[in-house]
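Reviewing the structure listed below.
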Amino acid sequence: MVVEVPLPAGARARDVACRVLPASLSLAVCGQAVLQGSLLRKVLPDDSDWVLEDAPGQGEGRLLRLTLVKRAV
């Protein structure tokens, strides 16, 4: 599963706090919570990852792309 979050201007990787646990997720950018809560299905935290990318068609805008790898049932 992939989640894309637009970032505020000037946000850098060091401004991101992301914690993925098997059954929950928390994501904060620049000290403000963006996502937080339980997941419907369990994921593999060690296989999940996030990256910062240029947002297509947004000029200098950037986004955070979070990839969650689902655990096989």
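The values are calculated or read from the model by the stated rules, or taken from the named source; none is laboratory data. Source: prediction; values computed, not measured. We place every Cβ from the backbone using ideal geometry, glycine too, and count neighbours over all the protein chains shown.
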Restricting the search to the stretch 32-73, which residues are over 21 Å from Arg14 (Cβ atoms) and β-branched (Val, Ile, Thr)? Val43, Val69, Val73
Pick from Ala55, Ala28: which is among the small types (Gly, Ala, Ser) and in contact with a Gly (Cβ under 6 Å, 6 or more places away or on another chain)? Ala55
Evaluation of Trp50 against (1) on the phi < 0 side of the Ramachandran plot; (2) outside any helix (DSSP H, G or I); (3) modelled with pLDDT of 95 or more; (4) surrounded by fewer than 14 Cβ atoms within 10 Å (Cβ to Cβ) (one fails), failing number: (4)
So the check is Cβ under 7 Å with 6+ separation or different chains; which pairs have a first residue in the stretch 44-73 that's free of Cβ contacts under 8 Å to residues at least 24 places away in the same chain and a second one that's surrounded by 10 or more Cβ atoms within 10 Å (Cβ to Cβ) and not β-branched (Val, Ile, Thr)? Val51/Arg65; Glu53/Arg62; Glu53/Leu63; Glu53/Arg65; Asp54/Arg62
For Ser26, the lone unmet condition from (1) out of contact with any strand residue (DSSP E or B) (no Cβ under 9 Å at 6 or more places or on another chain); (2) of a type in the set (S, T, N, Q); (3) surrounded by 13 or more Cβ atoms within 10 Å (Cβ to Cβ) is (1)
